[in-house]
Structures are given as structure tokens and as C-alpha cells.
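What follows is a short report on a single structure.
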Amino acid sequence: MESISVFDIFKIGVGPSSSHTLGPWKAARMFVSSLKASSFDRINVHLYGSLSKTGKGHATDKAVILGLLDYNAETIPSKDIPSIISGVENSNQLDTARGTIFFDPSLHIHFEDSFHNRHPNTLIFRASLEGRLVCEEIYASVGGGFVESDRATNESKHISLPFPIEKGQDIIEFTEQKKCAISDIVQLNEQAFDAAENIEDKIDALLETMLECVYQGCMTDGVLPGGLNVRRRAKGLCYELTGKANYSNRDEWIDAIKASPRTFNQINKWISCFALAVNEENASLSRVVTSPTNGAAGVIPAVLLYYFFFCDYAGKDAVRRFLFTAGEIGCLFKKGATISAAVGGCQAEIGVSSAMAAAGLTEVLGGTAKQALMASEIAMEHHLGLTCDPVAGLVQVPCIERNAMGAIKAITASNLALSGNPDTAIVKLDTVIKTMWDTAQDMNGKYKETSEGGLAFNLPVLMANC
């Protein structure tokens with residue numbers, strides 16, 4: 001298998017979807033890069049399968065435009081996105097490295113009424129000059145912002161790692177051999193991808209992005225875009241828990257949380273508040289961290305902040321250990337199953353994120369490698385079969401609340417593992433990963449991010465309003 005860095009699992013980008021927004025955005029940039037030596041006057045983009053069925057609700061068309069303009073999803077000011085998109089839509093012009101071309105999104109972005117045999121999330125880009133095809137590229141957005149094409153596969157690299165990990169059992173063997181924690185093994189592997197100082201900077205960037213996302217979500221109210229009229233709830237919940245609606249800065253907000261009561265009910269509400277805050281921001285095309293996807297981006301920050309505020313926080317090094325352990329679990333699911341809801345339903349997103357968070361929390365709470373894998377297994381076992389049925393194709397209902405539920409399940413799974421004996425566990429992580437993949441293959445296609453089944457099917461009035 002190709003080597004995957006935990007920083008391939010954790011990406012900084014823009015909502016609302018890693019597979020339907022970040023992936024197509026990245027594919028468009030890759031296509032533009034391939035055109036640098038070509039002359040063209042038209043670009044057509046064809047979206048297939050889940051990208052077509054829920055692409056408008058997931059902002060796939062907007063992502064494609066931003067990618068064709070060669071904006072970087074990690075650095076673009078998210079507040080500028082609406083004006084950039086409206087500029088293209090109003091002028092019907094696209095600025096490229098080869099000059100300005102006519103581009104009408106309603107004519108040149110095609111939502112095809114079919115599935116492509118390559119992948120449920122397939123895009124075809126075609127550039128032409130005076131009606132003659134100049135270049136054609138086919139891309140697959142395979143989940144978590146990973147993109148594959150005939151030219152290049154995602155971010156995965158053929159790098160020789162000191163501790164190559166393909167299964168959970170490999171983790172057990174390496175940690176027992178070295179008498180160390182999961183994060184120690186991951187740290188050594190990551191140094192094969194990048195220098196130690198760069199790794200530290202990346203961890204800092206992830207933490208800063210997560211914290212800022214939660215904070216902004218807790219400071220913002222109103223109605224989410226898209227037509228469902230979903231009201232933001234994180235700010236109201238934060239006010240209920242602290243008695244204050246607005247804060248002058250993030251440090252003041254952090255101090256207020258630390259000073260709030262610590263009853264079980266209060267802590268439970270805070271976990272939900274953190275998760276809701278992230279995914280309300282995600283639904284508004286704000287900056288989030290894929291964990292391992294945008295639709296599941298609230299679980300990891302919610303559990304990490306639960307540890308930060310309500311456990312014996314051991315400093316920034318604990319954040320590194322949490323993210324390394326969680327990220328490696330995400331790599332296992334990426335290699336052995338899928339992290340794409342279009343392939344495996346929501347078990348591949350919320351389920352995987354909950355399994356990741358459970359393992360990360362277990363390590364920083366003092367659990368062994370076996371207990372961390374046990375926590376991960378428990379979390380996924382109780383997400384098996386979870387469908388993806390986004391109402392109106394938006395990453396809002398039931399997606400936002402599912403992040404809160406995934407976070408709570410992760411914490412419960414960690415507590416069970418820390419109190420249990422992994423050696424007597426009947427189900428192992430490798431078994432549940434295989435079972436998740438089997439379930440994904442058996443799942444009816446209408447429950448794989450198509451809005452053709454489940455809640456999306458049974459709420460036709462709401463869908464008609466979007």
C-alpha cells in the first residue's frame with residue numbers, strides 16, 4: 001500500500017464537504033495546472049453520480065469555479081468566496097493563466113444524470129479551442145479531500161516508512177516491540193514525510209484552525225445558507241452554559257468555559273456545543289479541518305476540547321499525541337475500507353471520525369495501544385450501517401447533529417476501553433474495519449450521499465423549498 005501521512009487525513013480547507021467541495025476544488029486546480037502549455041477558449045466540467053445528485057447543496061459547482069481560478073482552499077479568505085463566485089456568474093468570464101475565457105457556470109458545469117464506472121464521485125474536465133478538444137482529464141474525489149486520476153493518485157506517496165502500518169495488528173506489534181505509545185510510532189513515520197520542525201508547525205496550524213472554528217461557531221447566530229432555514233444553535237447553547245453571549249476575544253471565551261459548572265449535564269452540553277459550532281461553520285463555507293472529512297469535522301475538535309477543558313490536560317504535546325493517534329486510525333480506515341460517504345454511507349464519515357477520536361482520547365488519558373484500538377473498535381462497531389441521506393443535498397440535516405452524537409460515542413468508547421481488558425475483547429479493530437467495508441458494499445446506493453433515501457426522501461416539502 002502507499003504511505004499516507006496523518007496530515008493527509010487532517011487537511012485545512014473550506015466547507016461544506018471534503019469529497020464534494022475540497023476534492024472537486026483540488027481536481028480543478030490539477031486540471032488548470034495540466035493546461036499551462038495549452039491554448040484553449042472553453043472549459044466544460046461534467047459531474048457524475050453523487051457529485052451530480054447533491055453537488056449544488058454541497059457547493060461543488062462553486063468549488064470547481066474556485067479551483068479553475070486556482071485559489072488555494074487552505075489560504076483563501078472564506079469571506080471573499082461569495083463575491084468571487086458572483087463575479088464569475090455575473091460576468092460569465094473566467095480568468096486563467098492563458099487569459100480570460102467565456103465561462104457560464106449554468107452552461108459549462110454539467111450535472112450529469114448518471115454514474116461513472118470509475119467512482120461514485122467522478123469529474124471530467126474538457127478544454128477546447130474553437131470547438132476542438134485540447135485536453136480531457138478524469139478525476140475521482142474519493143473522500144476526505146483525496147483525489148485520484150490517471151496522472152496521479154492523491155497525496156499518498158511511495159515512501160519507505162520505518163514502521164509501515166496497514167492493519168491495527170501492525171500497531172500492536174510495533175508498539176510492543178518498541179515499548180512505546182501509538183503516537184511515538186506515528187511521530188517516527190511522519191519524520192519520513194517531513195522535518196520535525198515542519199511537523200510541529202502543522203500540528204499548531206491544525207489546533208489553531210480547530211479552535212478558531214469552534215470559537216467563531218459559538219459567536220455566530222442566524223440561519224444557515226441553502227434554503228432549509230436551519231438555525232444555528234451553538235451560540236445559544238454557549239450563552240446558556242456561560243450566561244454571556246459575546247466575548248471580546250477567544251481567551252476570554254476559554255476562561256468562561258473553564259469557570260463554568262462541571263456537572264455531567266453541563267459537560268455533555270459543551271461537547272454538543274463544540275461539535276455543532278464546527279459543523280455550522282462548515283455549512284457556511286468557513287474554514288475547517290477535515291477529520292477525516294468535512295461532514296464529520298466536528299467530532300475530533302469536540303472530543304479534543306472535552307479533554308482540554310474537562311480532563312487533566314497535559315499541554316500541547318498531548319494535542320500532538322491525540323492527533324497522531326487519531327490520524328493513524330483514519331489512515332487504517334482509508335486503506336482498509338473508505339472514508340467516503342458516497343461509497344460507504346455516513347459510517348465512513350461520522351463512524352470513522354468517532355473511531356479516530358476514541359483512540360486519540362484513550363492515548364492521552366493514559367491508555368495502552370491495545371486500549372486505544374479497542375476504543376476505536378467500539379466506536380465504529382456502534383456506527384456500522386449508518387446511512388448518508390442529506391436533506392436537500394446540504395451538509396446540515398442530519399449531518400450537524402450527527403457530529404455531536406459521534407463525539408459522545410467516542411468518549412463513551414474511550415471510557416469503556418480504559419475500564420476494559422483488550423485481550424478478552426471479542427471484536428478487534430481489523431475485524432470491524434473489514435465489516436465496515438463489507439457493509440459499505442452491501443448498502444443500497446440511495447443511502448450513499450444521493451439524497452434519494454432516508455430523511456432526504458421523506459422530507460420532500462423541505463427539499464422543494466431549496
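Data for the structure
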item: Nearest 10 degrees, 0 to 90: helix 316-336 Cα axis against the chain principal axis; result: 60
item: Simple label model, 7 Å out from Cα along Cβ direction - Ala97 to Asp80, nm; result: 1.9
item: For region 121-135 versus region 365-432, the gap between their alpha-carbon centres in whole angstrom; result: 43
item: FRET efficiency, 1/(1 + (r/R0)^6) with R0 35 Å, evaluated for Leu455 and Tyr313 via beta carbons; result: 0.40
item: By average C-beta atoms within 10 angstrom, highest first, the peptides 39-51, 305-317, 395-407, 321-333; result: 321-333, 395-407, 39-51, 305-317
item: Computed FRET value (nearest 0.05) for Glu166 with Glu200, which takes r as the C-beta separation and R₀ as 22 Å; result: 0.25
item: Added length on full extension, which subtracts the Cα-Cα distance from 0.36 nm per residue, Val134 to Gln441; result: 106.8 nm
item: Positive minus negative residues near Thr431 (Lys, Arg vs Asp, Glu; Cβ under 13 Å); result: -1
item: Among 84-97, 362-375, 215-228, the order from most to least packed when residues are scored by Cβ within 10 Å on average; result: 362-375, 215-228, 84-97
item: Within the chain, helix-based [θ] at 222 nm, where runs of 4 or more DSSP H residues each add -39,500 (n - 2.57), nearest 500; result: -15500 deg cm²/dmol
item: Built amide H within the under 5 Å cut-off of Val288, gap 5+; result: Gly13, Val14, Gly15
item: Pairwise label distance in nanometres, Met219 with Glu252, each label 7 Å out on the Cα-Cβ vector; result: 1.0
item: At most 10 other Cβ within 10 Å, DSSP loop - trypsin sites (Lys or Arg not before Pro), region 134-193; result: Lys179
item: Rough spin-label spacing in nm, given labels placed 7 Å along Cα→Cβ, for Ser106 and Asn421; result: 6.9
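Since every read-out is calculated from the coordinates, none of them should be taken as a lab result. Computed from a predicted structure; not experimentally measured. All Cβ positions, even for glycine, are placed from backbone atoms using ideal geometry, and neighbour counts span all protein chains on display.
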